[in-house]
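Notes follow once the structure below has been shown.
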Amino acid sequence: MLITPVVYIIFNRPRHTRETFSAIRAQQPAKLFIIADGPRPGYPDDAQKCRDVREIVRQIDWPCEVYRNYAEQNMGLKLRVSSGLDWVFNQVDRAIVLEDDCLPHPDFYNFCEVLLERYETDDRVWVITGNNFQNGRKRGKASYYFSKYNHVWGWATWRRAWLQNNLSLTFWPQWKESKEWVHLLPNKVERNYWSNIFDKTYQNEINTWDYPWTASLWYHGGLTATPNVNLVANIGFGPDATHTVATCNQEGQQVYPLKTITHPQEIRQDTKADRYAFDHHFGGMEHRLPNRLLRLPRRVAGKIFRMLK
């Protein structure tokens, strides 16, 4: 039985919910918090899909305290997830968080439990993620390293960290002009990339909860414990996704066992790993390439542009 409370966020995707809820059932968490958004206006199939999903998660066949926070009308991703997690952390001091399209390897749960206990009172560590986007590159000699990137396709945190989440990003206008912001992101391409995202988030042009959470973590200097193998597959890429839209359903990134957990000797950001994550997961190479081409001789740059078409 899993002692750490599990938060499960659902909406309107029965196929994904069946698969990921089956994985949660295998762990038999002692406490389960279920957060559900309501059907969207203008989407005729949503009401039935939401009912189907809620019926799936009624199938609790193990000893478990179940807490449900269901919205009858659609709140949207930003308010539904953030308000749901506020509700959770008003009741517990730590939790593992999974959305309905996040399918973990069984080792993910033990990884979260061990590190939630180890770093319970360490204010330098804010998040434990199950995601690794290093494409097989191992960072350091331990089972995990520390990153500024708090990937949220399967993660865990404490009340002490979540209470610092600033959904409205009230600190952003002043912080983006500060030396601290430049120090955090010394590379201008990366800084411009995230400044654009946080500008749009601050102006309510992006309806999501994870960008404010990332900005809040960075503002307070928090780090994320990141496994040296990928522990969670996002199976939600497909035509019915909200943000991870694709032309066809995808299985997600492969997961691997973590086995025995070994700990880093020090807590510090792995900047090399973070540069790689920006370039290869967030598309940094695509942003850097035009600037690099401008510095090449016109003949060489023209040839590269033609090759990329």
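The values are calculated or read from the model by the stated rules, or taken from the named source; none is laboratory data. No experiment lies behind these values; they were computed from the predicted model shown. Please note: Cβ atoms are built from the backbone with ideal geometry, for glycine as well, and neighbour counts cover all protein chains shown.
From the residues in the stretch 104-140 that are β-branched (Val, Ile, Thr) and not in a helix (DSSP H, G or I), which one is nearest to ASP279 (Cα to Cα)?
Among residues in the stretch 104-140 that are β-branched (Val, Ile, Thr) and not in a helix (DSSP H, G or I), the one nearest to ASP279 (Cα to Cα) is THR129.
Please indicate, with yes or no, whether at least one residue in the stretch 181-193 is within 30 Å of GLU65 (Cα to Cα) and crowded, with 17+ Cβ neighbours inside 10 Å. Write out each step before concluding.
The first filter runs over the stretch 181-193 and keeps only residues within 30 Å of GLU65 (Cα to Cα), leaving none.
Scanning the stretch 181-193, I find no residue that is within 30 Å of GLU65 (Cα to Cα) and crowded, with 17+ Cβ neighbours inside 10 Å, so the answer is no.
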Pull out all pairs, ordered by first then second residue, where Cβ-Cβ is under 7 Å, the residues are six or more apart or on different chains, the first lies in the stretch 69-92 and is under 14 Å from THR208 (Cα atoms), and the second is modelled with pLDDT under 95 and among the β-branched types (Val, Ile, Thr). LEU77/THR242
THR20, sole failed condition from (1) of a type in the set (Ser, Thr, Tyr); (2) in a loop (DSSP other than H, G, I, E, B); (3) in contact with a strand residue (DSSP E or B) (Cβ under 8 Å, 6 or more places away or on another chain): (2)
Only one of these conditions is not met by GLN174: (1) surrounded by 15 or more Cβ atoms within 10 Å (Cβ to Cβ); (2) farther than 22 Å from HIS281 by Cβ; (3) over 15 Å from the mean Cα position of the chain (by Cα). Which number is it? (1)
When the stretch 75-89 is checked residue by residue, the ones that are part of a loop (DSSP other than H, G, I, E, B) and touching a helix residue (DSSP H, G or I) at 6+ places or on another chain (Cβ under 8 Å) are MET75
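Would you check if VAL88 is crowded, with 16+ Cβ neighbours inside 10 Å, touching a strand residue (DSSP E or B) at 6+ places or on another chain (Cβ under 8 Å) and closer than 12 Å to ILE10 by Cα?
On the way: crowded, with 16+ Cβ neighbours inside 10 Å: yes; touching a strand residue (DSSP E or B) at 6+ places or on another chain (Cβ under 8 Å): yes; closer than 12 Å to ILE10 by Cα: no.
So VAL88 does not fit the description; no.
Being of a type in the set (S, T, N, Q) and closer than 17 Å to GLY130 by Cα is the filter; apply it to the stretch 201-254 and report the residue that is modelled with the lowest pLDDT.
Restricting attention to the stretch 201-254, the residues satisfying the condition of being of a type in the set (S, T, N, Q) are 201, 203-204, 207-208, 214, 216, 224, 226, 228, 230, 234, 242, 244, 247, 249-250, 253-254.
With the extra rule that they be closer than 17 Å to GLY130 by Cα, the set shrinks to 214, 224, 226, 228, 230, 234, 253-254.
Values: THR214: 98, THR224: 98, THR226: 98, ASN228: 98, ASN230: 98, ASN234: 96, GLN253: 92, GLN254: 95.
Top of the filtered list is GLN253.
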Give the residues of the stretch 41-61 that are surrounded by 17 or more Cβ atoms within 10 Å (Cβ to Cβ) and over 23 Å from ALA95 (Cα atoms), sorted by residue number. ASP46, LYS49, CYS50
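Do we have THR262 as surrounded by fewer than 17 Cβ atoms within 10 Å (Cβ to Cβ), among the hydroxyl-bearing types (Ser, Thr, Tyr), touching a strand residue (DSSP E or B) at 6+ places or on another chain (Cβ under 9 Å) and modelled with pLDDT of 95 or more here?
Numbers: surrounded by fewer than 17 Cβ atoms within 10 Å (Cβ to Cβ): yes; among the hydroxyl-bearing types (Ser, Thr, Tyr): yes; touching a strand residue (DSSP E or B) at 6+ places or on another chain (Cβ under 9 Å): yes; modelled with pLDDT of 95 or more: yes.
Against the criterion (surrounded by fewer than 17 Cβ atoms within 10 Å (Cβ to Cβ), among the hydroxyl-bearing types (Ser, Thr, Tyr), touching a strand residue (DSSP E or B) at 6+ places or on another chain (Cβ under 9 Å) and modelled with pLDDT of 95 or more), THR262 qualifies.
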Any chance THR214 is surrounded by 21 or more Cβ atoms within 10 Å (Cβ to Cβ) and out of contact with any His (no Cβ under 6 Å at 6 or more places or on another chain): yes
Out of ASN187, ASN207, ASN196, ASN165, sole residue that is in contact with a Phe, Trp or Tyr (Cβ under 6 Å, 6 or more places away or on another chain) and among the polar types (S, T, N, Q): ASN165
Being β-branched (Val, Ile, Thr) and under 15 Å from ALA233 (Cα atoms) narrows it down to one residue among VAL88, VAL97; which is it? VAL97
Hey, LYS200 hits all of (1) surrounded by fewer than 15 Cβ atoms within 10 Å (Cβ to Cβ); (2) of a type outside the set (Asp, Glu); (3) not in a helix (DSSP H, G or I) but one; which does it fall short on? (3)
